[in-house]
1. First compute the accessible area of the stretch 11-141 with a 1.4 Å probe, then give the percent of it belonging to carbon and sulfur atoms.
2. So, taking all protein chains as they sit and a 1.4 Å probe, how much accessible area belongs to R164, in Å² rounded to tens?
3. Among the DSSP beta bridges whose two residues both lie in the chain, what percent are antiparallel, rounded to the nearest 5?
4. If you rank W218, W102 by how much accessible surface each has, with a 1.4 Å probe, what is the order from largest down?
5. Among rounded, prolate and oblate, which fits the stretch 2-82 when a ≥ b ≥ c are the square roots of the eigenvalues of its C-alpha gyration tensor, a/c under 1.5 means rounded, and a/b larger than b/c means prolate?
6. Compute the distance in nm between two label points, each set 7 Å from the Cα along the Cα-to-Cβ direction, one at Y33 and one at Q214.
7. Quote the charge dipole size of the chain about the Cα centre in Debye, to the nearest 20; the model charges only the Cβ of Lys and Arg (+1) and of Asp and Glu (-1).
8. Any chance you could run the full-extension gain for E114 through A70? It's 0.36 nm times the residue separation minus the Cα-Cα distance, nm to one decimal.
Amino acid sequence: MLLVGDNPASQVYVRNKIKACEETGFKSVLEQYPASLTEAELLQRVKALNLDASIHGILVQLPLPVHIDAQKVIEAISPAKDVDGFHVASAGALMVGQPGFWPCTPYGCMKMLESIGYTLRGKHAVVIGRSNIVGKPMALMLLHQHATVTICHSSTADLGQITRQADVLIAAVGKQNLVTADMVKPGAVVIDVGMNRNAEGKLCGDVDYEGVKQVAGWITPVPGGVGPMTITMLLMNTLKAAEHALPHA
Ligand code: NAP
């Protein structure tokens with residue numbers, strides 16, 4: 001894990017990932033650098049880790065300081081060690097349905113749907129958010145499972161009119177209380193990816209949990225929902241990377 005700078009949220013995320021590694025017996029190595037690290041220095045570290053046979057997965061914690069081009073750094077990671085699934089090769093593999101590393105957050109959402117035995121074929125899934133790390137890969141994964149998928153974003157007109165059609169509603173925006181009970185179809189599965197701080201500084205999602213849980217069939221809480229699943233899928237991707245690195249794998 002490469003952590004650059006002192007973003008407090010990033011420090012918490014990295015700490016949680018290290019804890020999950022300790023609990024499950026994965027070896028984790030944290031390389032922490034000051035925000036003054038140059039892009040060239042970071043690229044050099046990534047390239048060294050690509051060649052290090054004792055490392056199976058490389059994770060660069062985002063966001064990076066503004067003087068570093070995050071995409072350039074991600075593209076420097078060997079696709080065989082891209083356990084976050086952000087490399088363009090991983091994104092391409094997901095797009096065409098080839099084996100590869102799936103981004104951990106949407107992958108975790110798929111695992112949650114699987115865990116309740118939910119059949120996506122023929123269902124309408126609505127994803128709010130179209131980022132490369134959550135919204136877009138989420139939509140592709142749902143599509144691969146034969147859902148009819150609608151992607152909403154900040155220019156979507158009448159969001160509620162679309163979300164009310166959703167059998168599965170996934171909110172990945174970063175806005176507290178964006179999804180309210182009147183926007184949800186009765187019985188729908190609601191997955192809240194959002195991570196926000198409310199006025200009291202407490203962690204909350206994009207969904208008005210108390211209101212929406214009266215309407216939804218299933219709903220994930222924040223904290224304690226998608227977040228832990230993201231870390232779990234990171235471990236899963238890392239295990240897969242390690243298995244592929246084995247001779248004769
Ligand atoms: P992002 O890159 O900022 O993308 C947010 C998306 O929301 C954009 O596509 C944006 O549309 C859309 N949006 C903004 N306002 C909207 C509105 N009023 N109505 C509909 N769509 C709107 O964020 P991200 O990286 O995808 O993350 C989204 C949220 O998930 C954040 O809260 C983040 O902290 C959280 N997250 C959680 C985990 C976890 O493990 N639980 C992991 C990753 C992210 P445009 O494209 O038009 O701007």
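1. Details: 3830 of 6570 Å².
Answer for the stretch 11-141: carbon and sulfur cover 58 percent of the accessible area.
2. 110
3. Details: 2 of 22 bridges.
DSSP beta bridges in the chain are roughly 10 percent antiparallel.
4. Values: W218 135, W102 65 Å².
Of W218, W102, the descending order of accessible area is W218, W102.
5. Numbers: a/c = 2.05, a/b = 1.15, b/c = 1.78.
Since a/c reaches 1.5 but b/c is at least a/b, the shape of the stretch 2-82 is classed as oblate.
6. Inter-label distance under the simple model: 5.1 nm.
7. Values: 20 positive and 21 negative charges, 72 e Å.
The dipole magnitude comes to about 340 debye.
8. Numbers: separation 44, 0.36 × 44 = 15.84 nm, distance 3.22 nm.
Here the answer is 12.6 nm.
The values are calculated or read from the model by the stated rules, or taken from the named source; none is laboratory data. The structure displayed is predicted, hence computed values, not measured ones. Ideal geometry is used to build each Cβ from the backbone, glycine not excepted, and the neighbour counts take in all protein chains shown. The accessibility values were calculated without ligands, DNA or RNA, using every heavy atom of the protein model including side chains. Shrake-Rupley method; radii C 1.70, N 1.55, O 1.52, S 1.80 Å.
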